[in-house]
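Let me begin by presenting the structure, written as structure tokens, before commenting on it.
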Amino acid sequence: MNSINLEQITIYKLHSMKTYFSSICILLLTIVLITSCASPQKILNNGNYEKAYKLALKELKKGKSMTKNRSVVSESLEQIMNEVMSESNALKNSYELADVELAIKKYDGLLAKIEESKVYLRDKFEMEGELLKSEQTELVNMVGKEYFAVGSELYDEAIGKGDKLLGQDAYLNLAKAYEYNHDHPDLESLLEESLEFARVIYLIEARAPFDITYNWEIDRVFDDLEDINDIFKVFIYEDNVQSGKVDCEIDIRFDNIDFGIQERNDERTYKEEIVTGIEEITNSDGTITKKDITEIVEAYVLTKEIRKIAEWRLRLDVRSFGNNCTISDRGFQESIVAAIQDVQVSGDERALPNGIRVGQDGRLPSDDEMAEELLEILYEQVEDYLERR
């Protein structure tokens, strides 16, 4: 009797727990549904002005509850405007240009909202919009002027020191001034001059000094380094350039390419019972029974895996004629492997399982083919290194 009561109590507890967890899940789901289905007005009352604005505007575009949603758009936009103005005032008082630029972007977002809501609110925020545009224009002019002043100062300093890296900073500041439509008459000419000055010229030579076999192929592949697209780097491949114009020389030296052959043998014996004929046996009652005549046959399989390995190393030796080089010495190494199988069979091939193919399954690539593949791989590694440095 006691065991029955205990079992009933256990079942009751389990049922209660299931009911409890089910209730919690239903409650959470209800909260999610209520939240997701909340009206723009409720979202506005909760202080989520951005979400209320977007949802009410969306409803207006669908033609729903025009009066209510128009009111929500108006009130939420007013609150958003207050928040943006407060944040922007703090950013404008910063000494960092990046903060002032962020304030300009915030004005952009606010002006876009005023413009897109105009069709429903008419000219309600027209005055505020005009004031925002005026203040944003002042900020844009101020930022452009400041970037021009910084860029001009850096450029003069870079010229005086012969520092091309400093010249790059000058160009970037002048480019920001141009982005903000700064109207100084010398801006465009200074942009061109600073960029011309800031470009670091690299003269590249690539060769295999100890084995000239692949020098022509090396030239063919590495000549493409001239096509690297970098605003501040100019790569010239094995050309006659006046020594005074070159900032760095990069000598790409290839070691001799190494080729190797590795073989691995795998020997296996296969046995199979096969039927070679039929024997007829006469039973005592005169009946005839047929019996298979079988034989055990064997086959021996020798599988040779032949692997050809090619390995090539190169080194970048950099010679700098000043402090403008950002590229330093570096070594690169790459290897590739090609493999084929040669299957040889002796004995009775009837013992072989399905799927075994006798002979070679292809050919090994030539030395030239492997050298060309390695060159392409090494080129990509060198190109990536030169672009990133």
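The values are calculated or read from the model by the stated rules, or taken from the named source; none is laboratory data. Computed from a prediction, not measured in an experiment: that's the story for all the values here. FYI the Cβ positions are ideal-geometry reconstructions off the backbone, even for glycines, and counts take in every protein chain you see.
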### Query
Which one is modelled with the lowest pLDDT among residues in region 124-163 that are within 38 Å of the chain's Cα centre (by Cα) and not in a helix (DSSP H, G or I)?
162
### Task
Check residue 256 against each of (1) touching a residue at least 60 places away in the same chain (Cβ under 8 Å); (2) closer than 30 Å to residue 218 by Cα and name the one condition it does not meet.
(1)
### Query
Can residue 319 be described as surrounded by 12 or more Cβ atoms within 10 Å (Cβ to Cβ) and basic (Lys, Arg)?
yes
### Candidate set from region 344-363 (those that are surrounded by 15 or more Cβ atoms within 10 Å (Cβ to Cβ) and of a type outside the set (Gly, Ala, Ser)); member that is nearest to residue 220 (Cα to Cα)
345
### Query
Taking region 156-183 as the region of interest, how many residues are over 26 Å from residue 137 (Cβ atoms) and surrounded by fewer than 18 Cβ atoms within 10 Å (Cβ to Cβ)?
7
### Task
Just name the residue that is surrounded by the fewest Cβ atoms within 10 Å (Cβ to Cβ) out of those in region 184-225 that are among the β-branched types (Val, Ile, Thr) and closer than 22 Å to residue 255 by Cβ.
212
### Query
Among the residues of region 354-377, is there at least one that is within 30 Å of residue 275 (Cα to Cα) and hydrophobic (A, V, I, L, M, F, W, C)?
yes
### Task
Filter region 90-123 down to the residues that are assigned to a helix (DSSP H, G or I) and free of Cβ contacts under 8 Å to residues at least 12 places away in the same chain, then identify the one that is surrounded by the most Cβ atoms within 10 Å (Cβ to Cβ).
102
#### Entry: From the options 219, 224, 255, residue that is in contact with a helix residue (DSSP H, G or I) (Cβ under 8 Å, 6 or more places away or on another chain), modelled with pLDDT of 90 or more and of a type outside the set (A, V, I, L, M, F, W, C)
224
### Looking only at region 322-341, and only at residues there that are among the aliphatic types (A, V, I, L, M) and surrounded by fewer than 16 Cβ atoms within 10 Å (Cβ to Cβ), the one that is nearest to residue 200 (Cα to Cα)
336
### Message
assigned to a helix (DSSP H, G or I) and either within 32 Å of the chain's Cα centre (by Cα) or within 30 Å of residue 174 (Cβ to Cβ) (or both): which single residue out of 203, 195 fits that description?
### Response
195
### Message
Suppose the filter is small (Gly, Ala, Ser), on the phi > 0 side of the Ramachandran plot and out of contact with any Asp or Glu (no Cβ under 9 Å at 6 or more places or on another chain); does residue 355 pass it?
### Response
yes
### Query
Does residue 59 qualify as being under 30 Å from residue 176 (Cα atoms), modelled with pLDDT under 95, among the acidic types (Asp, Glu) and in a helix (DSSP H, G or I)?
no
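One line per residue, one yes/no per condition, for (1) assigned by TED's automatic domain parsing to the domain that holds residue 373; (2) within 24 Å of residue 172 (Cβ to Cβ):
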| site | (1), (2) |
| --- | --- |
| 210 | no, no |
| 219 | no, no |
| 223 | no, no |
| 232 | no, yes |
| 245 | no, yes |
| 258 | yes, no |
### Summary
residue 307: passes all of (1) free of Cβ contacts under 8 Å to residues at least 12 places away in the same chain; (2) within 43 Å of the chain's Cα centre (by Cα); (3) more than 23 Å from residue 203 (Cα to Cα) but (1)
